[in-house]
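What follows draws every value from the coordinates through simple rules; no lab data is involved. Just so it is clear, the model here is predicted, and its values are computed rather than measured. Methodologically, a virtual Cβ is constructed for each residue, glycine included, from the backbone with ideal geometry; neighbour enumeration extends over all protein chains shown.
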Amino acid sequence: METPNPPVQTIVGPFDEAVIADAARRILAGECVAVPTETVYGLAADATNGEAVAGIYAAKGRPSFNPLIVHVPTLEAAKAIATFNPAAEDLAAAFWPGPLTLVLPRRPDSPVAAIVAAGLDTIAVRVPAHPAMLSLLRATNRPLAAPSANASGRISPTRAAHVLAGLSGKVGLIVDAGPTGHGLESTIAAPTADEIRLLRPGPIDRERIEAATGLPVSDNVSDAIEAPGQMMSHYAPAKPVRLGASQGEPGEWLIGFGNVAGDATLSASGDLIEAAARLFDALHEANASAASRIAVAPIPETGLGIAINDRLRRAAADR
Ligand code: TXA
Ligand code: MG
């Protein structure tokens, strides 16, 4: 538990058939793989496997959960995950494959794990244009969650050497296809019926978004970038949350961990990766239960426990 992610050997392989086959095998086994997109190198994991996605946070050493972008090979695959409106259709037709991410309502029957959207009921999705990422998407036949492949707080990587400098010993394979084209993360837009909210500026600028949809584009950048935690507060439980609970009190739904069994457990064995993967489902379950209050067992403040405790403190404070 003190070392949830022991060092691994990091291989840098050229973008060819054999390396993509190795990358796909690793992804399907629940590992993360660094792979270039046309914007920056991403750290990809199977978006339908919550523990694999938790592994992204462990590798990056990210102290908090941020919703991640899901990469898919086709518009059709995106529609299995998100609900499209006409403006979203226009944007996909104009810019996919390419460096535009759409934030849309998440389909209730989506196979994507809750940790990917950090518990939100929206999902960020894009069809990338880079042949390496597209090859990996086809070889795995899974949607791939992938944030930029940098250690937390460091700048985004545009070369395999940048990834290696930040994540050596943390990721097993880096697919090297040279420098990325844009070197800047994708534009993020949230299309609705009457406007497009621009959540992050990027390679596709607002004029092109306006032209493709005929709708006004409003800036919502501060909400997405400066205060992701604030944005997530909409999805904090509606009930009081008590942290560090070694046992439940009457009227409480206890979320367990390790020795504290609870009404449901994040991980009976005290595994932080498993706990991170279950966190958002557990909060939703506790919120939907008949109990009027929620209690959560103590989580160690090490490794992924730091991100788990960050999210739990928000859940406890935000109501
Ligand atoms: O170019 C890119 O987009 C790269 C490559 C690898 O595809 N990926 C990337 O991911 O930049 P990341 O995790 O570093 O940035 C994702 C951002 C989050 O910080 C968040 O602001 C936004 O996407 N985001 C994701 N899901 C969201 C949601 N449901 N609502 C609002 N914003 C969301
Ligand atoms: Mg990033």
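From the Cα gyration tensor of the chain, with a ≥ b ≥ c the square roots of its eigenvalues, which class applies: rounded if a/c is under 1.5, or else prolate if a/b is larger than b/c, or else oblate? Don't skip to the end; give the middle numbers.
Working: a/c = 2.03, a/b = 1.27, b/c = 1.59.
Note, shape of the chain comes out oblate.
To the nearest Å, what is the center-to-center distance of segment 153-212 and segment 51-114, using C-alpha atoms only?
13 Å
Which order do Asp263, Asp121, Asp176 fall in if you start with the one that has the fewest other Cβ atoms within 10 Å? Provide the component values of the computation, followed by the final result.
Values: Asp263 17, Asp121 13, Asp176 21.
Ordered by Cβ neighbours within 10 Å, fewest first: Asp121, Asp263, Asp176.
Along each of its three principal axes, how wide is the spread of alpha-carbon positions in segment 1-109, in whole angstrom units, largest first?
47, 34, 23
Under the rule of -39500 (n - 2.57) per DSSP H run of 4 or more residues, summed and divided by the residues of the chain, what mean residue ellipticity at 222 nm is obtained, to the nearest 500 deg cm²/dmol?
Values: 11 runs with 105 residues, N = 319.
Roughly -9500 deg cm²/dmol at 222 nm, from the helical runs in the chain.
Just want to confirm a number: the relative contact order over segment 14-82, from Cα pairs under 8 angstrom separated by 6+ residues, in percent.
Values: 46 pairs, mean separation 12.8, N = 69.
It rounds to 18 percent for segment 14-82.
Could you tell me the relative contact order of segment 1-122? Use alpha-carbon pairs under 8 Å, at least six residues apart, and round to a whole percent.
Over segment 1-122, the number comes to 24 percent.
Arg206 to Arg154: FRET efficiency via 1/(1 + (r/R0)^6), r the Cβ-Cβ distance, R0 25 Å, to the nearest 0.05? The partial results should precede the final answer.
Values: r = 28 Å, r/R0 = 1.12.
For R0 = 25 Å, the calculated efficiency reads 0.35.
Need the list of aspartates and glutamates near Lys79 for cross-linking: C-alpha distance under 20 angstrom, and skip anything on the same chain fewer than eight residues off.
Asp46, Glu89, Asp90, Asp109, Asp121
So for each of 286-293, 75-82 I average, over its residues, the number of other beta carbons within 10 Å; can you give me the resulting order with the highest mean first? Let's see the in-between values first.
On the way: 286-293: 14.6, 75-82: 17.8.
Packing order, densest peptide first, comes out as 75-82, 286-293.
Taking K and R as +1 and D and E as -1, what net charge do the other residues with C-beta under 14 Å from the C-beta of Ala264 add up to?
On the way: positive: Arg278; negative: Glu252, Asp263, Glu274, Asp281, Glu285.
Residues close to Ala264 contribute a combined charge of -4.
Residue by residue through segment 10-23, which ³J(HN,Hα) values in whole Hz follow from phi under the Karplus form 6.51 cos²θ - 1.76 cosθ + 1.60 (θ = phi - 60°), with glycine and proline marked x?
With coefficients 6.51, -1.76 and 1.60, one gets 9, 9, 9, x, x, 6, 9, 4, 5, 5, 5, 5, 5, 4 Hz.
Take Arg242 and Ser269, extend 7 Å from each Cα along the Cα→Cβ direction, and tell me the distance between the two endpoints in nm.
3.1 nm
Mind checking the angle between helix 304-317 and the chain's longest principal axis? C-alpha axes, 0 to 90 degrees, to the nearest 10.
70 degrees
Taking a cut-off of 28 Å between Cα atoms, list the lysines near Lys60, but don't count ones fewer than 8 places away on the same chain.
Of all the lysines, those that pass the test against Lys60 - Cα under 28 Å, at least 8 places apart if same chain - are Lys170.
Normalised by the number of residues in the chain, what is the relative contact order in percent for Cα pairs under 8 Å and 6+ residues apart?
Values: 746 pairs, mean separation 73.3, N = 319.
Relative contact order here is 23 percent.
Report the residue, chosen from Glu17, Glu185, Glu274, that carries the largest GNM mean-square fluctuation when the chain is represented by alpha-carbon nodes joined by springs under 10 Å.
The residue that fluctuates most here is Glu17.
So between Glu89 and Asn259, what do we pick up on full extension, going 0.36 nm a residue minus the alpha carbon distance? Could you put the intermediate results ahead of the total?
Working: separation 170, 0.36 × 170 = 61.20 nm, distance 4.91 nm.
This chain segment gains 56.3 nm when fully extended.
Read phi for every residue in segment 53-69 and hand back ³J(HN,Hα) as whole Hz from Karplus 6.51 cos²θ - 1.76 cosθ + 1.60, θ = phi - 60°, with x for Gly and Pro.
5, 4, x, 4, 5, 4, 5, 6, x, 6, x, 8, 8, 10, x, 9, 8
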